Amino acid sequence: GYSKKKTDSNQGGEDMKLAEPRESLLEDGKKGMEELFPCRMEKLKEEWKQEGLREQMRGSFMELFRLWREREGERTVAGSLGICCLRSSIVMRQYRMLLVLCGEEFYLDSHVQESAWKPAGFFEGFEEDMEILCSGLKKKYPRLCRWEVESVRLFSVEYYYAAIGKLCKDWKEEIIKWAEESGLRMGERFFLYFGEYRGRGELLDEGKDDVK
């Protein structure tokens, strides 16, 4: 009995030793990204002044509306439009958002149309910043392994998701205008939201509750 307790105690100590460096790594990763991110946002602000990038965004949304009308016809009423984050696309390096147009019963509705959108510049900038960040971390943590890099990647991308969410919030009137131009029929309570695919989200209309 004594030897087993001793083994369990030793195992607990080893777990704590492993946890401490990981917490230190994530903290250093957070500090590094907080230094890199503001510079990246300034670059993206300049890039997004280009008409071409705005037209690219418009094209992605118009394609979604076109697919909806082809599949559902002109009479079906849309109840919501989500701009959704896909964690799997970060792990697989696909880097795309998912646009989700639903009928008035939201995800329970049988009328759902999805389409991919890759916001220009954001994920390219994320990859560049991750390369810089990991290069610095490897100097301090020479035995940095792949799963630790992925941990840093998954929390760092939150900065970029927040920035894409802000872009969509700033452009919500334009998105509604594009929907109207496409001939999409929108319900009286039609709403836009940004968030996790089939998870929590933030309504892009001021004063409304979050999506759950």
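The values are calculated or read from the model by the stated rules, or taken from the named source; none is laboratory data. None of the values given here were measured: they were computed from a predicted structure. Positions of Cβ are generated from backbone atoms using ideal geometry, with glycine treated the same way; all protein chains shown enter the neighbour counts. Keep in mind that these areas ignore ligands, DNA and RNA; they rest on the heavy atoms of the full protein, side chains included. Shrake-Rupley method; radii C 1.70, N 1.55, O 1.52, S 1.80 Å.
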Calculate one ³J(HN,Hα) per residue across region 120-137 by plugging θ = phi - 60° into the Karplus curve 6.51 cos²θ - 1.76 cosθ + 1.60, and present them in order as whole Hz with x for glycine and proline. 4, x, 5, 6, 5, x, 4, 5, 5, 5, 5, 5, 5, 4, 5, 4, x, 5
On a full-extension model of 0.36 nm per residue, what is the gain between Lys177 and Glu196, subtracting their alpha-carbon distance, rounded to one decimal in nm? 4.4 nm
Sort out the exposed loop GluC sites (Glu not before Pro) in the chain (DSSP loop, at most 12 other Cβ within 10 Å) and tell me the longest stretch that has none. 106-205
If you place +1 on the Cβ of every Lys and Arg and -1 on the Cβ of every Asp and Glu, how big does the dipole about the Cα centre of region 41-87 come out, in debye to the nearest 20? 140 debye
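By the gyration tensor of its Cα atoms, with a ≥ b ≥ c the square roots of the eigenvalues, what is the shape of region 20-125: rounded for a/c under 1.5, prolate for a/b over b/c, or oblate? Could you put the intermediate results ahead of the total?
Values: a/c = 3.36, a/b = 1.73, b/c = 1.95.
Oblate, since a/c reaches 1.5 and b/c is not below a/b.
Under the rule a/c < 1.5 gives rounded, and otherwise a/b versus b/c splits prolate from oblate, where does the chain land using the Cα gyration tensor?
Values: a/c = 3.05, a/b = 1.81, b/c = 1.68.
Since a/c reaches 1.5 and a/b is larger than b/c, the shape of the chain is classed as prolate.
If r is the Cβ-Cβ distance from Lys140 to Ser88 and R0 is 25 Å, what FRET efficiency results, to the nearest 0.05? Don't skip to the answer; put the middle values down first.
On the way: r = 30 Å, r/R0 = 1.18.
Result of the calculation: an efficiency of 0.25.
Roughly how many Å² is the accessible area per residue of the chain, as a whole number, for a 1.4 Å probe?
Values: 12560 Å² over 212 residues.
Per residue, the chain has 59 Å² of solvent-accessible surface.
Carbon and sulfur: what percent of region 122-168's accessible surface (1.4 Å probe)?
Values: 1420 of 2440 Å².
Result for region 122-168: 58 percent of the exposed heavy-atom area is carbon or sulfur.
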At a 1.4 Å probe radius, carbon and sulfur cover how many percent of the accessible area of region 62-105? 46 percent
State to the nearest 20 debye the size of the charge dipole of region 48-175 about its Cα centre, where the only charges are +1 on K and R beta carbons and -1 on D and E beta carbons. 620 debye
Normalised contact order of the chain, rounded percent, pairs of Cα under 8 Å and 6 or more residues apart: 25 percent
Förster-model FRET efficiency, 41 Å R0, Trp147 and Arg58, C-beta, rounded to 0.05: 0.60
